[in-house]
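Each remark here refers to the structure printed beneath this line.
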Amino acid sequence: MKGPLSVISEDDREAAVRRLQEAYAEGHLSYEEMDERLHQVLTAQNPSDLVPPLASLPAESPATIAAVGGLIQRRGAWRVPRVLKVESALGRVRLDLSRAVVEHPVIDIELQLGTGRATITVPRDAIVEMDDLRTGWKGPLYRIRRRPRPGGPRIRISGTMGLGRLKVRHARR
């Protein structure tokens, strides 16, 4: 017996619409193709319904921040890309999204860290997922907010951490 079909989230639907709009703006789709695919996305009932309208689009390329050692830091009013990859063999990482410009409902952060710590400060109303993060030494430090506010971004953290430790915290303001 099969379980119930999963329901598509509004965040996933909005991300699919945004990808189609960006593909149209970049010239990958004609107006008619975009219109037809938008209809498919807006009438989708479950996540698998999003696969056909997005299938032929070019893959999203992540913005990458890399350093062998030292400090990788982003804070203040920086623009957060939809997909961010952070690579460091020996350094520390500090990403502060509390005052950043977050234009996407879902942000994917991929960490590829050897040793060293990483600290990510997310907006107060963010929802954090770390299901695809593999750690070699210690698990991440994160306390889930008791009552997340609706409408905040979903921050999905994935990747591999060797001997370092990840600390995720919500901004106080």
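The values are calculated or read from the model by the stated rules, or taken from the named source; none is laboratory data. In this text the structure is predicted, and so the values were computed from the model without any measurement. Don't worry about glycine lacking a Cβ; one is built from the backbone with ideal geometry, like all the others, and counts go over all protein chains shown. With ligands, DNA and RNA removed, areas are computed over all heavy atoms of the protein, side chains included. Shrake-Rupley method; radii C 1.70, N 1.55, O 1.52, S 1.80 Å.
Some notes on this structure:
- Of the numbered criteria (1) in contact with an Asp or Glu (Cβ under 8 Å, 6 or more places away or on another chain); (2) open to solvent by 50 Å² or more (accessible area, probe 1.4 Å); (3) of a type in the set (Gly, Ala, Ser); (4) more than 23 Å from Gly76 (Cα to Cα), the one Gly136 fails is (1).
- Within the stretch 1-70, helices (runs of 4 or more DSSP H) holding 1 or more residues that are surrounded by 10 or more Cβ atoms within 10 Å (Cβ to Cβ) and among the aromatic types (Phe, Trp, Tyr): 10-25
- Residue list for the stretch 150-166, filter: open to solvent by 50 Å² or more (accessible area, probe 1.4 Å) and either within 21 Å of Val101 (Cα to Cα) or touching a residue at least 60 places away in the same chain (Cβ under 8 Å) (or both): Pro150, Gly151, Arg154, Arg156
- Residue within the stretch 112-135 that is of a type outside the set (Asp, Glu), touching a Ser or Thr at 6+ places or on another chain (Cβ under 6 Å) and modelled with pLDDT under 85 present: no
- For the stretch 124-144, a residue qualifies if it is farther than 20 Å from His104 by Cβ and in a loop (DSSP other than H, G, I, E, B), and the qualifying residues are Gly136, Trp137, Lys138, Gly139, Pro140, Arg143, Ile144.
- Residues located in the stretch 85-97, provided they are among the hydrophobic types (A, V, I, L, M, F, W, C) and crowded, with 18+ Cβ neighbours inside 10 Å: Val86, Val93, Leu95, Leu97
- Qualifying residues in the stretch 63-80 (those that are touching a residue at least 24 places away in the same chain (Cβ under 8 Å) and out of contact with any Gly (no Cβ under 9 Å at 6 or more places or on another chain)) - the one nearest to Thr115 (Cα to Cα): Arg74
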